[in-house]
Amino acid sequence: MQHFITISNLNPSAFLTLLEKAQNFIDHGHLIEKPLLRGQTLATLFFEPSTRTQASFELAAKRLDADVLNLSLANSSTQKGETLVDTVKNLEAMGVNFFVLRHTDTVMEHVAAILNRETHLISAGEGKLHHPSQALLDMLTIQQAQPKFENLSVAIVGDILHSRVARSDIEALKLLGCQDIRLISPENLQATDLLGVQHETDMDRGLANADVVIMLRIQKERMFDIQIDSEAAYIEHYQLNQARLALAKPNAIVMHPGPINRGIEITNDVADGLQSVILKQARNGVAARMAILSACAAD
Ligand code: NCD
């Protein structure tokens, strides 16, 4: 695997291999270290804010013994008019051979096409469309609770329309054989182009007997053309609280990619409750990214 930019480039067995690799980087709840990227240089190039994704790629690279360079738009020359391609080619010329890129636009394929054969590109989020490393860590977290994807009912709740996490999670769930995916959101935040899934505006109905509940943030920074309900109305209809969670299966897990807006899409007691695996997702994020980087390094 030279690059890791979409889930759709993977077949089920390649995805399962990545899951297994990721799991093998966790030993009794702790992340292990392995010098599989010794002598390699990784640059994280983030054109959008990030806490978890950037930190976990950095931690993953360090656990694999790579040298790491973190760049953000604020201090890059794209502010002075340099193209993304020129930035990347210059860094490649300096010896960077792993790029972890987050961008607001659909740029990954274009960047992948200009890289040398021995350079790797890993997507850390591409516009509204792709967030494949999040999908890997989410599937790892689900698999740890429920090993069989075929029989799972998964509810994804919130701003589906602007969510690259939802899109990549849906692709991964389908790849792994999940048949029951419910997308719960207000009418104007649905993504009706997504097929083979259930679109639902009624949260109570959508949560009934779900095994997995994935909560999403309202992504106001991506809403240029949409009027959303008042915050109070959104909370009334779409906030995950204990009473609503009780509609899902008793052992259902609650997930959220972060950042959480406490008191909006989720209550404190649910976010911090026994069914929440949100912090497990954060830990799994490092393992998942170690798996991605080491799979690319072995290419
Ligand atoms: C998400 C993202 O950036 O797409 N966060 C993340 O990577 N953990 C979701 C979000 O911003 O709401």
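The values are calculated or read from the model by the stated rules, or taken from the named source; none is laboratory data. In this text, all values refer to a predicted model and were calculated from it rather than measured experimentally. We place every Cβ from the backbone using ideal geometry, glycine too, and count neighbours over all the protein chains shown.
Sub-7 Å Cβ pairs linking a first residue in segment 192-215 that is in contact (Cβ under 8 Å) with a residue 12 or more places away in the chain and crowded, with 23+ Cβ neighbours inside 10 Å to a second residue that is among the aliphatic types (A, V, I, L, M) and in a loop (DSSP other than H, G, I, E, B), at least 6 apart or interchain, are L207/L247; L207/A248; A210/A248; A210/A252; V212/L152; V212/A252; V213/A248; V213/A252, ordered by first then second residue. For beta carbons closer than 6 Å, sequence separation of 6+ or different chains, a first residue in segment 75-103 that is basic (K, R) and a second that is surrounded by 14 or more Cβ atoms within 10 Å (Cβ to Cβ) and not in a loop (DSSP other than H, G, I, E, B), the qualifying pairs are R102/F46; R102/A124; R102/G125. Restricting attention to segment 1-24, the residues being part of a helix (DSSP H, G or I), within 22 Å of L64 (Cβ to Cβ) and not hydrophobic (A, V, I, L, M, F, W, C) number 5.
Within segment 276-289, does at least one residue satisfy the condition of being surrounded by fewer than 22 Cβ atoms within 10 Å (Cβ to Cβ), in contact (Cβ under 8 Å) with a residue 60 or more places away in the chain, at negative phi and not in a helix (DSSP H, G or I)? Within segment 276-289, one or more residues are surrounded by fewer than 22 Cβ atoms within 10 Å (Cβ to Cβ), in contact (Cβ under 8 Å) with a residue 60 or more places away in the chain, at negative phi and not in a helix (DSSP H, G or I). If the condition is being more than 17 Å from V286 (Cα to Cα) and either within 16 Å of the ligand (Cβ to nearest atom) or of a type in the set (D, E, K, R) (or both), then segment 96-125 contributes H103, T104, D105, T106, V107, M108, E109, R117, E118. Cβ-Cβ distances below 7 Å connect the following pairs, each with a first residue in segment 128-140 that is free of Cβ contacts under 8 Å to residues at least 60 places away in the same chain, a second residue that is in a loop (DSSP other than H, G, I, E, B), and a separation of six or more residues or different chains: L129/T106. For K128, the requirement of being away from the ligand (no atom under 16 Å from the Cβ) and either β-branched (V, I, T) or more than 10 Å from the chain's Cα centre (by Cα) (or both) is not met.
Selection of segment 234-266 for residues being within 16 Å of the ligand (Cβ to nearest atom) and within 19 Å of the chain's Cα centre (by Cα) yields V254, M255, H256, P257, G258, P259, I260, N261, E265, I266.
Of the residues contained in segment 144-154, none is found to be within 14 Å of the ligand (Cβ to nearest atom) and at pLDDT 95 or above. Residues in segment 79-95: is at least one more than 13 Å from the ligand (Cβ to nearest atom) and under 30 Å from V212 (Cα atoms)? Checking segment 79-95: not a single residue is more than 13 Å from the ligand (Cβ to nearest atom) and under 30 Å from V212 (Cα atoms).
Scanning segment 23-58 for residues that are hydrophobic (A, V, I, L, M, F, W, C), crowded, with 17+ Cβ neighbours inside 10 Å and within 16 Å of the ligand (Cβ to nearest atom) yields a total of 4. The set of residues in segment 126-139 being buried (at least 24 other Cβ atoms within 10 Å of the Cβ) and not acidic (D, E) consists of H131, P132, S133, Q134, A135, L136, L137, M139. When T6, T51 are checked against the criterion of being touching a Pro at 6+ places or on another chain (Cβ under 9 Å), β-branched (V, I, T) and closer than 24 Å to E109 by Cα, T6 stands alone in meeting it. Whenever a residue of segment 248-259 is modelled with pLDDT of 95 or more, its partners that are more than 15 Å from the ligand (Cβ to nearest atom) and of a type in the set (D, E), lying with C-beta atoms within less than 9 angstrom and at least six residues away or across chains, give the pairs A248/D211; K249/D211; N251/D211; A252/D211; I253/D211.
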